[in-house]
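Everything below concerns the one structure shown next.
No lab work stands behind these numbers, since they all come straight from the coordinates. Being a predicted model, the structure only gives us computed values, none of them experimental.
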Amino acid sequence: MKGQRLSVRARLALWHTGVLTLIVCVFSAGILFFVRESMFAGIDRQLYRALTTVDWVYHHEPEEIHDLASESGIAFFRVVVDGKLLYQTGDWERAGLTGAPVEPGAAPDSWKGSDGTWYRVQAVAEPSYTIAAAVREGARRDALWTLIVILAAGIPLAAALAVAGGYFLAGRALAPVGAMADKARQITADSLGERLPVLNPQDEFGRLAAVFNDTLARLHDSFDRLRRFTADASHELRTPLTAMRSVGEVALQAPHDAGRYREVIGSMLEEVHRLTHLVDSLLVLTRADCGATPPVREVVELGSLAGSVADHLRVLAEEKRQSLVVDPGARVEALCDPAILRLGLMNLLHNAIKYTPERGAISVRARETASGHSSIEVQDSGPGIAPAHRERIFERFYRGDAGFNGESPGAGLGLAIARWAVAANGGRIEVESEESRGSLFRIVLPGR
């Protein structure tokens with residue numbers, strides 16, 4: 001069974017401690033190496049001066065060699081000539097340096113005397129004589145050991161301070177995360193308008209909070225859309241049901257002849273048709289959102305498709321005495337799902353017929369764009385679309401001023417279905433419109 005993982009704060013503190021301890025250890029080792037080398041270099045220079053002095057006295061004033069220890073302070077040396085001991089100081093013998101492994105010409109070496117004192121020993125040799133000398137290491141070696149003890153005691157203390165300091169600094173550094181977590185716990189579906197605090201937008205936590213706030217904004221927008229969709233759908237569903245109920249109640253208040261009942265039933269059937277159309281549109285959008293209607297693409301001749309849709313809706317245009325013209329143009333092909341694209345084009349053309357006044361003109365044409373894409377254009381002579389509504393006309397249940405003022409009936413789902421149908425085929429819908437000068441809807445699809 002795995003133990004409980006440490007918190008991020010504790011792990012950061014331990015990492016900080018480990019790295020800092022490693023740095024301190026490496027730094028301490030460097031200091032010890034430097035101090036030791038400096039210490040032995042100083043002792044070796046002192047030893048070299050002693051050897052040089054003894055050698056000079058031996059060559060120039062050999063009779064003074066017995067007084068050299070007292071006059072120059074060189075207490076440890078000996079001189080061997082032709083294999084016989086010429087002279088050695090009493091301190092040399094008392095310190096037990098007689099048995100020191102002194103190799104003529106070798107580098108200086110440390111030797112522990114019989115009295116427990118450390119000496120630095122070296123010898124120089126010529127064909128006829130050998131001179132050996134030694135100096136005490138005691139004071140400097142003691143200083144080195146004192147430094148070792150200080151560093152050995154300081155490293156654990158530094159590690160303890162690093163743990164405490166790292167834990168404190170990690171807490172300060174992670175404070176924005178705690179603030180974000182506390183604020184996030186308070187945000188519910190009813191308070192999606194609130195945002196996480198951003199203490200510093202330039203650092204990592206600030207950018208993380210900004211990303212979460214963007215996500216909350218999208219969630220808030222989605223919830224608002226869902227609420228509006230639910231409210232609009234409820235309103236649209238209630239309207240025909242209320243109309244049917246009202247017509248039925250009025251018809252039942254008094255006896256009527258067969259003709260009157262036929263009118264009432266016809267009115268109720270119109271509302272049923274409207275309700276069925278609304279439910280069908282909602283079902284199409286629901287399936288689109290769920291991905292339950294995957295497109296089956298094939299090569300489609302867009303001019304023929306446009307003509308077929310226009311023929312299907314021509315009776316609506318004739319009722320309003322509108323001119324509906326299909327420009328055959330050159331053959332234009334696209335790779336798409338004809339059933340889904342037909343649904344989208346039918347909603348676009350139906351929308352144009354609905355908003356174009358009587359005796360207006362509507363034209364449909366297929367053409368290839370300058371960039372090599374295939375397109376279908378639906379142009380009308382209707383009232384146009386105000387810039388304030390142009391960005392929202394593809395939203396579900398959005399009908400602009402005309403729809404809300406009751407100038408033209410409809411649930412406001414046609415353009416939403418059209419946009420989905422075109423997007424499902426890898427295309428897009430472009431809108432060009434001026435108020436009082438009509439609108440142009442262009443379906444742009446990838447070419448064959």
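Put the Cα centre of the stretch 32-77 next to the Cα centre of the stretch 158-193 and the gap is 66 Å. Taken over the alpha carbons of the stretch 287-435 as equal point scatterers, the Debye sum produces base-10 log I(q)/I(0) values at 0.09, 0.17 Å⁻¹ of -0.27, -1.02. Quarter the surface of the alpha carbon convex hull of the chain and you get the mean projected area, 47.6 square nanometres.
Quick one: grab the alpha carbon gyration tensor of the stretch 113-170, order the square roots of its eigenvalues as a ≥ b ≥ c, and give me rounded if a/c is under 1.5, else prolate or oblate depending on whether a/b is larger than b/c. In terms of gyration-tensor shape, prolate.
Bridgeable aspartates and glutamates around Lys112 (alpha carbons under 15 Å apart, same-chain partners fewer than 8 residues away excluded): Asp91, Glu93, Glu137, Asp142.
Database remark: amide H of Ile362 closer than 5 angstrom to the amide H of Ser323, Leu324, Val325 (H placed geometrically; neighbours at sequence offset of 5 or more, or on other chains; Pro and chain starts carry no H). When the P(r) of the stretch 8-144 is calculated, the portion above 21 Å amounts to 51% of the C-alpha pairs.
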